[in-house]
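The values are calculated or read from the model by the stated rules, or taken from the named source; none is laboratory data. What you see is a predicted model, and the numbers here were worked out from it, not measured in a lab. Glycine also receives a Cβ, built like all others from the backbone with ideal geometry; neighbour counts cover every protein chain displayed. Heads up: the accessible areas ignore ligands, DNA and RNA and are worked out on the full protein's heavy atoms, side chains in. Shrake-Rupley method; radii C 1.70, N 1.55, O 1.52, S 1.80 Å.
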Amino acid sequence: VSTWSAVPAGPPDPILGITEAFKADKDPRKINLGVGAYRDENGKPYVLNAVKKAEEKMAAAQLDKEYLGITGLASFTQNAAKLAYGVDSELLKQNAIAVTQSISGTGALRIGGAFIARHYPHAKVIYLPTPTWGNHIPLFKDSGLEVRRYRYFDSKTVGLDFKGMKEDLKSAPEGAIVLLHACAHNPTGVDPTQEQWKELSGLVAEKKLFPFFDMAYQGFASGSTTRDAFAVRHFVAQGHYIALCQSFAKNMGLYGERVGAFSLTTQNEEEKKRVESQIKILIRPMYSNPPLHGAHIANTILSDPELYQEWEGEVKGMANRIINMRERLYNLLTHELNTPGDWGHIKSQIGMFSFTGLKTEQCKALAEKAHIYMTMDGRISMAGLNSSNVEYFARSVDAAVK
Ligand SMILES: Cc1ncc(COP(=O)(O)O)c(CN[C@@H](CCC(=O)O)C(=O)O)c1O
């Protein structure tokens, strides 16, 4: 009997498995609307000019390949924190934010989950929105936390179930952790308004909950890195201690470079040093220290005013192309095809995704018959659409729902 004969075959990943199915499809009409990765107007992955220029600067600087420290490239983590908390953040000035480089957003979430499992002084229960990014659930379970859910999406209004969200958070035990998508909620594309964030901040304070922000799309939602950081900066300004996970996969197009950061706000520099020392003790036996290249790219952009400006322009450009595709798709479904259903949510939703409301069997039929690939919850990555395929997509949806 082999050592591994008891190992069962596991299911493909609900998101990354879609790309595998797409790649196996040979039909020329195929469209991949699964993975949340930006594609340009020609359907191609997009390497930002700011990234190309940063790499030219790096090549000229002839950087070495020495190990980074356990918490990564210090100038990168400082600049990542400035991007999230604001250049004039009081906490940054007091050096009271413990921050480490991470293996992109997923790595930041995992460090956060592990740190909480080891050091959090209250009930190690984390509330995730329903629905949420699928990987959140196994990620926090594998970190050793108890996962619970809070209502977030109202399928009737195809909008935020704010009443349900508040009720569920109000009934959470004191000290529970609540995961909040800082902007561009995945998969629904539905975000609280700034007024609703203010109300949530009050509720979280009143219930003494711990806000754990996942900000994987800063700049990508509205095109403004400042606007997209509203919730994070408001909660900090209101005195909350927060955890924050940042990803530079989407807003800098650094997907495979795996660039991210994890931070915890603390009460002062002395506490920040204690917390950071424990983050190091946790990371060292996990992967010791993070990869160099992507962090240098991100840091070169964040620390060079010209490149920073060019990058912000490109993020805005990506966000605008997606917003434009939302308009095009909405107009096709309503004015051209008169497709049954109310499609207003396609325009009102924000960020990379649109939660179409298509049922699983319709998603399956679109894959099998029309060679259009999306996750089985009806989520589509809007960036997969462009002028040459949006009409084919709309007609296929029209056929699927009629
Ligand atoms: C809310 C959220 N947090 C974290 C991540 C992790 O991204 P990193 O690449 O680790 O920085 C994603 C990526 N979700 C996308 C990308 C594909 C995936 O990893 O699932 C998606 O949902 O399609 C995300 O949507």
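The rows are residues; the columns are (1) open to solvent by less than 10 Å² (accessible area, probe 1.4 Å); (2) of a type outside the set (D, E); (3) under 27 Å from Q267 (Cβ atoms); (4) in a loop (DSSP other than H, G, I, E, B).
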{"site": "K156", "(1), (2), (3), (4)": "no, yes, no, yes"}
{"site": "A172", "(1), (2), (3), (4)": "yes, yes, yes, yes"}
{"site": "A184", "(1), (2), (3), (4)": "yes, yes, no, yes"}
{"site": "F213", "(1), (2), (3), (4)": "yes, yes, yes, no"}
{"site": "G219", "(1), (2), (3), (4)": "yes, yes, no, yes"}
{"site": "A231", "(1), (2), (3), (4)": "yes, yes, yes, no"}
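From the list Q62, Q78, Q101, which residue is polar (S, T, N, Q), open to solvent by 60 Å² or more (accessible area, probe 1.4 Å) and either closer than 26 Å to D228 by Cβ or within 16 Å of the ligand (Cβ to nearest atom) (or both)?
Working: Q62 fails: either closer than 26 Å to D228 by Cβ or within 16 Å of the ligand (Cβ to nearest atom) (or both); Q101 fails: open to solvent by 60 Å² or more (accessible area, probe 1.4 Å).
Being polar (S, T, N, Q), open to solvent by 60 Å² or more (accessible area, probe 1.4 Å) and either closer than 26 Å to D228 by Cβ or within 16 Å of the ligand (Cβ to nearest atom) (or both) holds for just one of Q62, Q78, Q101, which is Q78.
Tell me whether region 269-285 contains one or more residues that are polar (S, T, N, Q) and either touching a Lys or Arg at 6+ places or on another chain (Cβ under 8 Å) or within 16 Å of the ligand (Cβ to nearest atom) (or both). Give the steps one after another, and end with the answer.
Here is the first cut: in region 269-285, the residues polar (S, T, N, Q) are 277-278.
Those still in the list that are either touching a Lys or Arg at 6+ places or on another chain (Cβ under 8 Å) or within 16 Å of the ligand (Cβ to nearest atom) (or both) too: 278.
Yes, there is a match, as at least one residue in region 269-285 is polar (S, T, N, Q) and either touching a Lys or Arg at 6+ places or on another chain (Cβ under 8 Å) or within 16 Å of the ligand (Cβ to nearest atom) (or both).
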Hey, N49 within 16 Å of the ligand (Cβ to nearest atom), open to solvent by 30 Å² or more (accessible area, probe 1.4 Å) and modelled with pLDDT of 95 or more or not: no
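Can you tell me which residue within region 233-255, out of those that are assigned to a loop (DSSP other than H, G, I, E, B) and touching a residue at least 60 places away in the same chain (Cβ under 8 Å), is nearest to the ligand (Cβ to nearest atom)? Steps first, please.
Within region 233-255, the first condition is being assigned to a loop (DSSP other than H, G, I, E, B), and the residues that meet it are 238-242, 248-254.
When the remaining residues are screened for being touching a residue at least 60 places away in the same chain (Cβ under 8 Å), the result is 248-254.
Working: F248: 7, A249: 4, K250: 7, N251: 10, M252: 10, G253: 11, L254: 9 Å.
Among them, the one singled out is A249.
Within region 256-271, how many residues turn out to be more than 22 Å from the chain's Cα centre (by Cα) and in a helix (DSSP H, G or I)?
First pass over region 256-271, keeping only residues more than 22 Å from the chain's Cα centre (by Cα): 266-271.
Next cut, in a helix (DSSP H, G or I) only: 269-271.
Within region 256-271, residues that are more than 22 Å from the chain's Cα centre (by Cα) and in a helix (DSSP H, G or I) number 3.
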Cβ-Cβ under 6 Å pairs, at least 6 apart or on other chains, region 13-37 side at negative phi and among the hydroxyl-bearing types (S, T, Y), far side outside any helix (DSSP H, G or I) and within 14 Å of the ligand (Cβ to nearest atom): T19/G34; T19/V35
Answer yes or no: is there a residue in region 338-351 that is at pLDDT below 95, away from the ligand (no atom under 16 Å from the Cβ) and aromatic (F, W, Y). yes
Flag for P285 being over 19 Å from A84 (Cα atoms), in a loop (DSSP other than H, G, I, E, B) and open to solvent by 40 Å² or more (accessible area, probe 1.4 Å): yes
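Criterion first (open to solvent by 20 Å² or more (accessible area, probe 1.4 Å), touching a residue at least 12 places away in the same chain (Cβ under 8 Å) and not in a strand (DSSP E or B)) does R274 satisfy it?
Considered against the rule, which asks whether it is open to solvent by 20 Å² or more (accessible area, probe 1.4 Å), touching a residue at least 12 places away in the same chain (Cβ under 8 Å) and not in a strand (DSSP E or B), R274 comes out as no.
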Among residues of region 10-25, those that are under 15 Å from R379 (Cα atoms), open to solvent by less than 70 Å² (accessible area, probe 1.4 Å) and assigned to a helix (DSSP H, G or I), counted: 3
Got a sec? Which helices (runs of 4 or more DSSP H) wholly within region 289-402 have at least 2 residues that are under 30 Å from V51 (Cα atoms) and acidic (D, E)? 305-331
